[in-house]
Amino acid sequence: MSNILIEANNISKIYDPDILLKRGKNFYALDNVNFVLEKGDFICIMGPSGSGKSTLLNCLSTLDSLSTGHILLKGTDMTTLNKNELCEFRYKTLGFVFQNHNLIPYLNIFDNIATPAILGHINAKELKEKVIHIARDLEIEKILDKFPHECSGGECQRVAIARALINDPEIIFCDEPTGNLDSKNSHKLLSILTKLHQQGTTILLVTHDAMIASYSQTMMYLYDGSIKTVVHRHNGSQLNYYQRINEIVLEDSILKQFTHSTSFEDKEKIDTMKTKHKKSPSYQIVYMYIHGYKYDKDLYQKYTPVMLNDREIIYRNKYNDEIIIDLSSIKEIHLNLKAQFANFGIYSQFTFDVLIDIICHDDIYKFRAKNKDDMIQIIHYFQDLHIPIIDSKKIIETYQQFPKDYERTKYYIRTHKDLMKYGVCDNLNPITNKKM
Amino acid sequence: MFTFVKKVYKNRKKDYYILLIILTLIASFEFCSLAIYSSLNRISGHIITKLEFTSLPTLSTFVGLILSTFVLKYFIENKKQEFSILLLSGRKPKDLFMYVLYQFGFLSLFAFIIGIGIGSVFIIGINSIIKNFHFTFLFHYSLMDTIFIYLYFFIFTNIFILTICSHQFVNLDKNLVYYLNHKESSHNDGYKMYFSVFLEDQKKKNPIYNIILSFFVCFITIYSSIKLLDNHLASPFLILYYFLALIGIILIVKKTVPLLYHLLHNYLIKHPILLNALACFQDFSSTMMTLIVLNASLVPTVLFIVISSRKDTILQIIIMPCFIMILIMIVLCFVLRYSIYNNAIRKSVTTIYAIGYTPHQIQIIFVLKNMLFALFAILIPLLLFTQLSYIALIHHYLSIEVIICLSLSYIILYFMILIYIFVKENQSIKEVTNYVKYLNRS
């Protein structure tokens, strides 16, 4: 069984989208982010104000909708779930700790903690025992009778953690949980989170404090809505990890101080202490381009770019780790097709993506390429390197016969009816981007 | 200072427009009531008769005064942080008076002036309606007298507001740091835990006193209500039972409902919607308590004045505009207070949604809360009102047409209020469940 709890594929978020681009361009709060949250992870998201940290957390926790891209919640596409199903998912799987603790002012502390659990109609005695047990662990058992306005900030935050834990969630989302706390209470809270992580709870934490981030296992640094840097702690010391995080934050501050904008190439820089994951769990939606050749800038920005040069293939997998595939290690390449139906009334149409399995000596890398007419250049590139290509769907031949995207699609519709069957092809609503 | 006030006006245009509309309407009703008072004063007759006649417009004018003070006080209280920033930037408390005068003095002066015009139109309207009903009595008021008393009320309202402000400014000056960092939070003091059900070793507080009190309150309320059904009750007893019933209802809302919440806590935690609805109702009723009490006491009091007076056709003419004006003023203040409450509750709704409650469940919570509110704040006063109306009818104080008209205006206005609450809450639920910003904003 897969360990993946949440998988985000090329997600983007635009607040107040301007379809006609009257303001010039849309502001991307999240810009083509890939993210995978596995069981037992303790990931921290850092970044300057307005970099999209909270937006990413809100999107991953199903509280906010996406503009483009997909999120898989335990393998189920979030866009296929209705509001009630999302509520059910949050109730069963997620726990939340917010910066402003968000306690309900008209409920006392006991009821605040119990609020998510009473949805499950648990036995009153059992629930009471559970609340008291958690309250004792968090040292808030003496304030159970009080109301939120009668408690201190630290107490309220611990109550928020207790509320997040009451349903034994698989994942805890923490949005700046220490934002309103003093250092003593912050460390107390983080010790609790660390303990929970050791017990197997998955934690996703947003913060701007390097010290807080040093309690995590992986740190992702967000900048302008994209993940810029990923650092894994592994078995290193917390101090070293903290220093590394601090360096990244400092580097970013200095970068902002002396340069007014980051160049297109800067976005490519990836900084990892050590790559943790290699393969992506499923087909990764990418745009392939050859270094030094002309490429489609729109597709480059919309999907994960995969760069091919003389010796290697370089890209970032869904875990945001930099992956370098040595071209000499590739045994063979399998090509396949995936159909997609965009349901748009009389303008409904099928589109086809090329699935590329790169089989190396030790691993298999799976890509779903969004390239259009330029796909043939990529295929020729592999052919020039004498890499065997298994093409059961005769994709190369079709590209040679019909170099234009429109003609090729029409041909596929005639010849590959098996790909267009219900359940085989993805059925999409082109406006909402929801799977139907 | 003036530029700052202008900028504040510009940035919160909508709030100030609503405030101006409410103040203008209240001022118009105040003027209208004073005009009725002035015309009744011109009738020749015994002083007691005059007092009986003028008591209704006087009541209506004082309600206007209380409500305009309530509205202004509420607005000024919400400006604590603005005042503290002004103090921080070197202004003296004396300057703050000028600031309040610039902001609210102008608004109330504006409302005062427009109120004269609209109030005069109301009086013309009332007179033409009376003519249509073929009554011989019309309200012929002295404009100068009315404006003089009206001006007196205006000055009194502003002095009252400045007195409240001076108390607030002294407190601000003393605890500037506290108010700068102060976050508005809901303090529902009426809802306290009577005993700890959570910890075995904790000393239990004894709720026996509250249980006895609640039983007593329920008994008194039911007993008084049954006694009120007696149509031949003497006036002093009628007053006694009426006030006992009224106090009983208020105490049930303030004491018995919270006690029941805790006594039935074990049952309630199996029913998340009921638990949340009850807790939400307690919060809502404590927020709206002033207006609930005002409504519950004023509506039947109007009839009480009629019953206590001698039978006269003029009273039937006076009661209609005064009663409707009082109702509209309460409803206006209710709308204003509710719109502020509705904004405050949004964060709680988003939190409940985030932790797994579906929008439908949240909707049911609010519907249950509103049903309880409608029962205690609208239906029970209506029942008391109906009972008093019946007494007024069988003793020929009021005609059936007047009673129907009064009852209909009550039902229509409060039905509109309930619809307004329902629509606003549905809008809020829809908005907060679609827009995550409410979770992250402090």
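Side notes on the structure shown:
- Springs between Cα atoms under 10 Å define the GNM used for chain A, and in it the highest mean-square fluctuation of A:LEU66, A:LEU56, A:LEU189 occurs at A:LEU189.
- Computed over neighbours whose Cβ is under 14 Å from that of A:THR194, the net charge equals +1, Lys and Arg +1, Asp and Glu -1.
- Inter-label distance, nm, simple model (7 Å from Cα along the C-beta direction), B:ASN171/A:ASN123: 4.9 nm
- With a 10 Å cut-off around each Cβ of A:373-380, the average count of Cβ atoms from other chains is 0.
- Net charge of Cβ neighbours under 12 Å - reference A:ILE122; Lys, Arg +1; Asp, Glu -1: +1
- Calculated mean residue ellipticity at 222 nm for chain A: -9000 deg cm²/dmol, from DSSP H runs with n ≥ 4 weighted as -39500 (n - 2.57), summed, divided by the residue count and rounded to 500.
- FRET efficiency estimate (nearest 0.05) - Cβ-Cβ, A:LYS410 to A:ILE364, R0 25 angstrom: 0.20
- Using the Cβ-Cβ distance between A:ASP77 and A:LYS39 with R0 set to 22 Å, the FRET efficiency from 1/(1 + (r/R0)^6) comes to roughly 0.65.
- Distant-in-sequence amide H partners of B:PHE139 (H built 1.01 Å from N, under 5 Å): none
- The string of couplings for the stretch A:167-177 from the Karplus curve (6.51, -1.76, 1.60, θ = phi - 60°) is 9, 6, x, 7, 10, 10, 9, 10, 9, 6, x Hz, one whole number per residue in order, with x for Gly and Pro.
- Whether chain B is rounded, prolate or oblate, judged on the alpha carbon gyration tensor where a/c under 1.5 counts as rounded: oblate
- Proximal charge balance of A:ASP373 [Cβ under 9 Å; K/R count +1, D/E count -1]: +1
- Whole-Å distance, taken between Cα centres, linking the stretch B:305-322 and the stretch B:54-106: 35 Å
- Accessible solvent surface per residue of the stretch A:177-219, calculated while the other protein chains remain in place, 1.4 angstrom probe, Å²: 39 Å²
- Peptide B:344-355 is shielded by partner chain Cβ atoms: per residue, an average of 6 of them sit within 10 Å of its Cβ.
- Label-to-label distance, nm, for residues given as B:ARG310 and A:SER329 (7 Å Cα→Cβ offset): 11.0 nm
- Beta bridges per DSSP with both ends in the stretch A:284-428, % antiparallel, nearest 5: 60 percent
- Degrees, to the nearest 10: A:124-137 long Cα axis against longest axis of chain A: 90 degrees
- Interface size A-B, as summed buried accessible area [1.4 Å probe, Å², nearest 100]: 4100 Å²
- Of the DSSP H helices in chain B, those whose Cα atoms cover at least 20 Å axially and whose Kyte score averages -0.5 or more: B:13-41, B:47-77, B:106-132, B:143-174, B:208-228, B:235-251, B:272-287, B:289-308, B:313-354, B:359-373, B:380-394, B:400-434
- The value of relative contact order for chain B, using C-alpha pairs under 8 Å at least six residues apart, is 19 percent.
- Residue mean of other protein chain beta carbons inside 10 Å, A:107-115: 5
- A:ILE203 long-range amide H proximity, modeled H, under 5 Å: A:ASP41, A:PHE42, A:ILE43, A:ILE172
- Distance between the stretch A:206-256 and the stretch B:120-141 - C-alpha centres, whole angstrom: 78 Å
- Shape call, the stretch B:299-442: gyration tensor on alpha carbons, a/c limit 1.5: prolate
- At R0 = 60 Å, FRET efficiency that the Cβ-Cβ distance of B:LYS227 and B:ARG91 yields, to 0.05: 0.55
- Placing a pseudo-label 7 Å from each Cα along the Cα-to-Cβ vector at B:TYR435 and A:GLN349 gives an inter-label distance of 3.6 nm.
- Computed helical MRE - 222 nm, chain B, DSSP H runs ≥ 4 contributing -39500 (n - 2.57), nearest 500: -26500 deg cm²/dmol
The values are calculated or read from the model by the stated rules, or taken from the named source; none is laboratory data. Note that the coordinates shown come from a computational prediction; the quantities given were computed from them, not determined experimentally. FYI the Cβ positions are ideal-geometry reconstructions off the backbone, even for glycines, and counts take in every protein chain you see. Please note that ligands, DNA and RNA were not included when accessible areas were found on the heavy atoms of the full protein model with its side chains. Shrake-Rupley method; radii C 1.70, N 1.55, O 1.52, S 1.80 Å.
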